[in-house]
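A short reminder: the numbers here are calculations on the coordinates, not readings from a lab. Note that this is a predicted model, so its numbers are computed, not measured. Cβ coordinates were reconstructed from backbone atoms using ideal geometry, including for glycine residues, and neighbour counts include every protein chain displayed.
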Amino acid sequence: MAKRNRHKKNSSKNKTRRSKTIRAKVKFKKKARQKTINSRAKRRTRHPANLGTGSSTRPGTSKRKAMYSLNQNFEFFSELKSLILKASPAEKDSLIKKISALGKIKLAVISGIFLNSDIESSASATADLFIVGDDIDRNKLRNFLKSLEAEIGREIRFGLMDREEFEYRFGMFDRFIRVLLEGPHEKIINRLGI
């Protein structure tokens, strides 16, 4: 009698084990199927030339680096450009946190490439990033700018002043500051009340 009960317990354990393995196999197959679908999509969209948006050939580049150029005649060029620029890792909230960590920041102004209005206005801006502050750690600033340039993919034109110099130049209607503050810009940190 005891042997029969043990056999029943073992058979019920085996049934649950079998059902668990069957469920695991089904999950595995679903995941594998999803991965193959994702990998196919990635393969097709990996190169912009496959989408009709650009080409991967660019003269004078090394074979190890993949360089792409965007076809400006592509019908969704402006939408694609705005999507890429909006999805830039240089979001304003993270930018504010990173700039605040540099020292006692009184004013931070973004313009040019950060506003994404158009190529001409970003080229005419005097600076892309302007920071006014005291006790700014130069090494942190250098590392911050390197990482920001790597994220954006372009060199950033920036200006840096201490509070005293800024107030003097602002009071003297300095051309650099006047052009920066009269043009398209956004103050992301403003503790000076300007």
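Within the shell of other residues whose beta carbon sits under 15 angstrom from the beta carbon of ASN139, the net charge comes to +3, with Lys and Arg scored +1 and Asp and Glu -1.
Taking Lys and Arg as +1 and Asp and Glu as -1, the other residues whose beta-carbon sits under 13 Å from that of LYS104 total -1.
Each other residue within a Cβ distance under 12 Å of GLU164 adds +1 if Lys or Arg and -1 if Asp or Glu, for a net charge of -1.
Between GLY159 and LEU129, PHE130, ILE131, the built amide H atoms are under 5 Å apart, and every one of these is 5 or more places off in sequence or on another chain.
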